Every structure is written in C-alpha cells, then in structure tokens.
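The values are calculated or read from the model by the stated rules, or taken from the named source; none is laboratory data. As the structure is a prediction and not an experimental result, all values here were calculated from the model. Glycine gets a Cβ as well: all are built from the backbone with ideal geometry, and neighbour counts include every protein chain shown.
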Amino acid sequence: MPVPPMDENTRLPLDKVELQGGTRLEPRQTSPNRLLVQREGTSFSGGLRLGTNHSIEPLTSTSHGGNVYQVSRKLGTSPHQLLDFSASINPLGLSRAAKRRLIESVDLVHHYPDSEALELKSALARYYAVPAGQILIGRGTTELLYHLARALRPQRVLLVVPLFGEFLVALASTKAEIESECLSEARGFALDIARIEQRLTAKKFDLCVVANPNNPTGELIHQKAIDRLFSVAEERQTDLLVDEAFIDFVPGASAVNRLHENQRLLILRSLTKFFGMPGCRVGCLLAHPSRMAELSSGREPWLVDTLAQVTAIASLEDQHYQAATAALVSRERGYLMEGLQAISWLKPYPSVANFILMRILDPMVSAEQLTARLLADRILIRNCSTFGGLDSRFVRVAVRTREENDKLLAALENAWS
C-alpha cells in the first residue's frame, strides 16, 4: 500500500544527524517536506535522502548499481565471474566498430584531448537532430548535473521521485531547498500531471526534475502529459530538467524537438546505457540556444578524454549496432517479464527501458536479503530501497541476453527453496 503524503502536523523523526568525521548537525523542520540542518549558523540540505512519504532522511553515501570491482574484492573473485543485473547497460556491450576505433586511436593519448570536442559534438548533433550550439558535453551525465546545480544555483527544487540519487546530492550541495513529489505505486508510477501542476502553482520553484522514462520504474511519460508539464513550467518560469538517460530505448519519445520553443527545458542525455560504455564517461546537456552561455560558464578544460571521444563517435555512427540493440532489448524484456510474472512472490512492473522494477510480495523477504541471497550465486541485482519514494521491498534487474536472463530466473526460483 502506498504511504500517504505527510500532512501539516507530521514531524520528521530526526534528532541529530552525524556526518563523517563526527560533526553533529541539528535538524529543524520548517514545512512538511522541508528540513533545514544547522551547522555553524548556516542552513543547508546536504547529506540527506528523500523518503517514501516526502520525508528527508540521513544519507551517508550514494548507492549505485554496477559495483563489480567492490563486490569482486569482497568475494575474492574477478569482475568477469560476476553476472551483473544491477547496472542497466546494453547487453551487447560496446559496438564492434567502437572497439576497432578505440584500438586504432590508442596512440592519440600522446596528445591532449580536443577541449572543445568538436567532432564529438557534430556526431551528437547528427544523432539528436539538433544544432551543435545547443549541446554541452560532459564527463558523463553525473558530472553534468553537478555542474548544472552550480551553474543554476536554484533556491527551491521539486524532485519527482523515485529518481537517480545523485540529483538530490548535487542539488543539496548548493544549499537548495528540496521538496519531493512521489509517484504513486497505485497508479503504476505514472506521472500525475495534475498533482505536479498543483505543486508548481502553489509556490515558486526554480527547478523541477523528472526522468523520462523513469529510473527505476521504467514508466514513460506520455506525450500529452509531458506537453502539459512543459506548458506549466513555462507559465511558472520554472526550469524543467528532464533526465533522458534511457530514452534511446524508446525511439521517438525524446523531448529534443521541443528545445527550440522552450527556453526553460533542459535535457540530460547519456551514452552509458544504450551504447554500453559506462567506463568511458560521456554525456551531454541539451538546451535552448539562449541558455548556452549561462550553462557553459565555468567549465574545466579537457573534461572528456580522447579515447572516450573517439569511442562515443564510433558508437553514434554505428546504426547496425543501434538496431540490433533495440531488437534484442525488446525481445528479452518481454521474455524476462514473462518469467518474473511466473514467480509468485514477485510483482514486476511494465517497463519501456532495459530494466524491470519488482516488488517483493513475501513479507519475510527484504530487498537487502534478496540481494545478498543472489550474491551467493555471484549475481548482482539493484536494491532499490535507496531510491527516494521506494521502500525496502523493491529491487531492479537489467535486461540481458537469453542465457543470462535464464540464469537469473533460475536463481530467483530457487532462492528460498
């Protein structure tokens, strides 16, 4: 059952927050969805996470999937011996064309990278069908969202959760007032545009952040809803940041074609997921031309290294690889969903991306316990209790190859036998 929103009389159950190094902070709730933490007379919102009922809870570290190096060290094994369903990466891996270009370009490390990344920017412009002048390239989308937080320095932010945890950490680091709007499990995690409109109208927000499709739910915001969201943000003079890290798995669903008419729209795009290159950090921010000077200010030189640039260019040009990826993920997502639905103690949710979110129905099993159980089989899945808006019964699994998906399904079927 979804947790009801907090009312005006609800208090956050926090007395003190202790950070690394022993610093103790005094929390003070100023509104139902807002917590100020005092440190030496200064208010800030860092080191916190958004809970299932709009609360803000202590956060000691940001959790991510794909921690194969850390896990392999703990197990005393090789990363290659792990089956990683915790990170939602293209199961085909890097494209063959990109591998060839990478090998051929190794000697270029003798030179500094192209600081402007002009060839990469041109490749991205062709792929997204937007002018190169509307593209800001970064060392992955995580680096870009931290830069964006510093560049915009919004005073009040609305996060539509669940959401990638680094958004909260990045924005809290700039001392923004952060509030959340939780997607309802009862609605299948569909965006309640009327509720978002109500929140944005009730008070002034400088920034609203949504993911499309959502990570980790896999739910796509339909065109009518997102059109209304754009209109409301424009009317309220609120910047709208859309995380499109997984949009490549949904052809035609991107909002990039709306950039020319909406100065408030900001889009984050990732090459990590669809192009299978998390080890080469490349991402980009797309925006209206009038915003680029503001967003480009204060950028460091040589942010994207040479080998990452050439790998990204080759991947963007490999249309055969892109078509093969779309076909494989679509086929295997359906196969994996059918297998998960057959497991009585799991409830998988429909997804348009390369991952599937599941609720554990067995009240005696938590996400942490299931994650630990599968790790004994050297299978990694994503514990989603660290996502704001989700509780300790949610996990996420990536869509991989048929052989790998069968291994996961067998492990889940035998987990408690």
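A few points about this structure:
- The listed residue being touching a residue at least 24 places away in the same chain (Cβ under 8 Å) and touching a strand residue (DSSP E or B) at 6+ places or on another chain (Cβ under 8 Å), out of V169, V209: V209
- Total residues in region 210-231, condition surrounded by fewer than 20 Cβ atoms within 10 Å (Cβ to Cβ) and not small (G, A, S): 6
- Taking region 372-396 as the range and being under 18 Å from G76 (Cα atoms) and in contact with a strand residue (DSSP E or B) (Cβ under 7 Å, 6 or more places away or on another chain) as the test, the residues that pass are R378, I379, L380.
- Among the criteria (1) in the same structural domain as L152 (by TED's automatic domain parsing); (2) in a helix (DSSP H, G or I); (3) among the β-branched types (V, I, T), the one T371 does not fulfil is (1).
- Long-range neighbours under 6 Å by Cβ, at least six apart or interchain, first residue in contact (Cβ under 8 Å) with a residue 12 or more places away in the chain within region 64-83, second surrounded by fewer than 16 Cβ atoms within 10 Å (Cβ to Cβ) and not basic (K, R): V68/P79
- Hits in region 382-407 (condition: surrounded by fewer than 24 Cβ atoms within 10 Å (Cβ to Cβ) and either assigned to a helix (DSSP H, G or I) or acidic (D, E) (or both)): S385, T386, D391, R402, E403, E404, N405, D406, K407
- Filtered by the rule that a residue be of a type in the set (A, V, I, L, M, F, W, C) and either under 15 Å from R396 (Cβ atoms) or in contact with an Asp or Glu (Cβ under 6 Å, 6 or more places away or on another chain) (or both), region 350-374 gives V352, A353, F355, I356, L357, M358, I360, A367, L370, L374.
- Number of residues in region 230-259 that are touching a Cys at 6+ places or on another chain (Cβ under 8 Å) and more than 24 Å from Y127 (Cα to Cα) equals 3.
- Among the numbered conditions (1) in contact with a strand residue (DSSP E or B) (Cβ under 8 Å, 6 or more places away or on another chain); (2) modelled with pLDDT of 95 or more; (3) within 19 Å of V352 (Cβ to Cβ), the only one that F164 does not meet is (2).
- Applying the condition of being out of contact with any Ser or Thr (no Cβ under 9 Å at 6 or more places or on another chain) and buried (at least 21 other Cβ atoms within 10 Å of the Cβ) to region 143-171 and asking which residue is farthest from P213 (Cα to Cα) yields H147.
- All of E317, E332, E261, E300 fail the test of being at pLDDT below 95, over 22 Å from H111 (Cα atoms), surrounded by fewer than 21 Cβ atoms within 10 Å (Cβ to Cβ) and among the acidic types (D, E), apart from E261.
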